1. Keeping to the range B:287-304, report how many residues are buried (at least 20 other Cβ atoms within 10 Å of the Cβ) and over 22 Å from residue B:178 (Cβ atoms).
2. Check A:35, A:63, A:5 and return the single one that is at pLDDT below 85 and either within 14 Å of another protein chain (Cβ to nearest Cβ) or part of a helix (DSSP H, G or I) (or both).
3. Check the range B:259-282 and report whether any residue there is surrounded by 21 or more Cβ atoms within 10 Å (Cβ to Cβ), closer than 30 Å to residue B:155 by Cα and without any contact (Cβ under 8 Å) to a residue 60 or more places away in the chain.
4. Could you list, ordered by first residue, the pairs with Cβ atoms under 6 Å in which the first is in the range A:43-59 and more than 9 Å from every other protein chain (Cβ to nearest Cβ) and the second is surrounded by fewer than 21 Cβ atoms within 10 Å (Cβ to Cβ) and aliphatic (A, V, I, L, M), at least 6 apart or interchain?
5. If you scan the range B:141-156, which residues turn out to be over 17 Å from residue A:57 (Cβ atoms) and either touching a Ser or Thr at 6+ places or on another chain (Cβ under 8 Å) or of a type in the set (A, V, I, L, M, F, W, C) (or both)?
6. Taking only the range A:13-32 into account, find how many residues are within 14 Å of chain B (Cβ to nearest Cβ) and either more than 10 Å from DNA strand C (Cβ to nearest atom) or surrounded by 14 or more Cβ atoms within 10 Å (Cβ to Cβ) (or both).
7. Return the residue satisfying two criteria in turn: it lies in the range A:76-88 and is under 18 Å from the mean Cα position of the chain (by Cα) and at pLDDT below 75, and of such residues it is farthest from the other protein chains (Cβ to nearest Cβ).
8. For the range B:14-36, give me each residue that is closer than 16 Å to residue B:50 by Cα and near DNA strand D (Cβ under 9 Å from one of its atoms).
Protein chains: 2
Amino acid sequence: MNRPRIPRQSDIARLAGVSQATVSMVLNDRAGANRIPETTQLRIREAMAELGYVPNIAAQSLRGGRSGLIGVHTFERVFPTAPDDYYREFLNGIEERAVESGLDLVLFASTRKPDGTRSIYGSGSNRMRLADGAIILGFEKNDDEIARLADEGFPFVFIGHREVAGVAIPFVTADYAAAMTPVVRMLASAGHRRVTYLAAPLRGFAQRERLEGFETAATGAFEVLSVDVRDTADVTADWVTAQLAAGATAIVAETFDLARALRLALDSAGFTAPADVSVISLDSDPRGEGPFSHVRVPRRAMGRRAVELLLAVIDGEGDPSASGSGSVRALAEPVHCDPPTSETVGAPARQAASAASPLTIAL
Amino acid sequence: MNRPRIPRQSDIARLAGVSQATVSMVLNDRAGANRIPETTQLRIREAMAELGYVPNIAAQSLRGGRSGLIGVHTFERVFPTAPDDYYREFLNGIEERAVESGLDLVLFASTRKPDGTRSIYGSGSNRMRLADGAIILGFEKNDDEIARLADEGFPFVFIGHREVAGVAIPFVTADYAAAMTPVVRMLASAGHRRVTYLAAPLRGFAQRERLEGFETAATGAFEVLSVDVRDTADVTADWVTAQLAAGATAIVAETFDLARALRLALDSAGFTAPADVSVISLDSDPRGEGPFSHVRVPRRAMGRRAVELLLAVIDGEGDPSASGSGSVRALAEPVHCDPPTSETVGAPARQAASAASPLTIAL
DNA sequence: CGCTTGTGGTTATACCTATTAGCGGGTAAG
DNA sequence: CTTACCCGCTAATAGGTATAACCACAAGCG
């Protein structure tokens, strides 16, 4: 009805008997620098309170060139249908850190190609531009789009190791390789000498780093009995039984879904961990605590780090490839993974028992 | 290195040999109204594509135009820590519908008071203005902030029934009351005559509508043995046992967390549903399929509807209290809930059995 | 010829903020 | 005696967009 218009600085200025510029200075605590006396400041603040002034964010953004928005682009859905949400922890960290810096998150829902898949340039122009920068996550490889993005000078950051020919891409990853050392040490000191490495079919950076790190760390400690690349559907009771029969006393699962599959396989074969076999997952389960002792992939911390890295890239005059600020380099360091706890790690089961008695149950 | 500055409308204009105003018109499809011929439009669009133009959100907002952004504000965290994410399905629907309209979502993470709680005006400014409108969800009551928001004429919409004195607030809710009819019918036709209603301590609109709807529907069909307001922690094996001993043959759980608690209580008391007692939950579990037959709260559809309602409010010249467009009214209708399936509904157990035999287990 | 109508745009302006340059007289430093 | 700097502010401006108001010209009509 009687909406008296949202008050702006000039309204305050009139009420306080000063100019709009003075109001702006007092508001932004530049009053000291420009020697506005306390009395005037007080008058202005009173007027602000009286009118209920709230700065117009659009005008601030326009003036300052920054919108205070951080884009988040996922090549898959942002809010997945399954309650089993792989991105959730990353987003958690991103949100948390964004809150701390007073930034808002833009989910680029509009970036969608007609066929339903996500694409940055699919809808014509790069809507991402409306944010100050973006964090990109997802497995799909879209090298050309990413190269173009970098070429435009748009500040962005990946979560997960990413390499595109000819373009230096800032990304946040975890130190998977280093995390393998405590895993190997834990197994070795428990007495294991023959270990099966259950590997995922998808060989991304994360998987390759785990395997390489594991093999390196295992050298001299124990024998990696087999590196078995296996789809979750093929992780069966029979497979587990065969591994134990072959002499493995411990199994290492490369990813959380392999760990889940392994849990089911163990159950149906009638084995328990660590009584019959020791198990460590090299990945944490997004659903919460996984079925086994596991390396703690610091997804939340990675999300936080991504925001920090992005801010550094934005401030670093947008050129991530420049020898640039040391902070960018430091922030791009892999994030430390916490070592696994030892619930499902024990002494090796006696071979005869592990090979024979459960078999009768399994068959 | 050679960043040629982000292109603006005047850059396009120069390239296409027209004025900036013309570019704006073509961009916003006002070209028809102002009779810009196809050929000119084409020239302008080509120039846009060539320069990779993206509108400046801040400028658009400042000017009062549309930014293509829909705000999402939650008084709690957007991405909660628990994998058990209550908002997820709403957000799913919101995202889905936003994609269809080519809108992007802004998660207002910055709206946070110093003490960590969320507040719209707490951080000093109403960042929401950046968006064309906002969808607000959350349980906290912040009547003054909401009233202020409405007073400013900012278009927003609630998910969940919301009432603030003196302000007409558009909201999206589900038709809980109507959903009670099939529940009652299902129980009654299975032969139940004495039913316990397990109610949540928090008596929000959703809870009150369920209870009232249930009582109304139950009139003449069966006796509502007791309406028991109970914290989840107090839903124990003993409580269940007492209910059955008192003659209840069915229990209705008002919320998903009560349903979960009830599941645990039944388990520990050694009862199964529907053999010993029939159970229906009046709420669906955000984690997926809940432990019992349940009314399907269409959260995803509500999310979609919220976007539609918001768009209507935005188009309705920002005054939701105006007698306004019929579409707003239609969109504000409660969303239909699908009736429960009947897995955990069966014939009433014989009273003697249900009262005696499990007791020995429970004690 | 004088008038209207239509065409294809252009000019000017408002939106609101943050910042730079400056006002003109006095005092301190060189 | 010149220069520098202080006071407490204000005026002017930029930032990119959307829109109302306008304009010059041409065609049609009587």
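1. Residues in the range B:287-304 being buried (at least 20 other Cβ atoms within 10 Å of the Cβ) and over 22 Å from residue B:178 (Cβ atoms): 1 in total.
2. A:5
3. Within the range B:259-282, not a single residue is surrounded by 21 or more Cβ atoms within 10 Å (Cβ to Cβ), closer than 30 Å to residue B:155 by Cα and without any contact (Cβ under 8 Å) to a residue 60 or more places away in the chain.
4. A:47/A:15
5. Across the range B:141-156, the qualifying residues are B:142, B:146, B:147, B:150.
6. Matching residues across the range A:13-32 total 3.
7. Here is the first cut: in the range A:76-88, the residues under 18 Å from the mean Cα position of the chain (by Cα) are A:76-80, A:83-88.
Right, trim to at pLDDT below 75 and you get A:76-80, A:83-84.
Details: A:76: 12, A:77: 7, A:78: 6, A:79: 4, A:80: 8, A:83: 5, A:84: 7 Å.
Filtering the range A:76-88 for residues that are under 18 Å from the mean Cα position of the chain (by Cα) and at pLDDT below 75, the one farthest from the other protein chains (Cβ to nearest Cβ) comes out as A:76.
8. B:23, B:27
The values are calculated or read from the model by the stated rules, or taken from the named source; none is laboratory data. A quick note: this is a predicted structure, and the numbers were derived from the prediction, not measured. For neighbour counting, all protein chains shown are included, and Cβ atoms are generated from backbone atoms with ideal geometry for every residue, glycine included.
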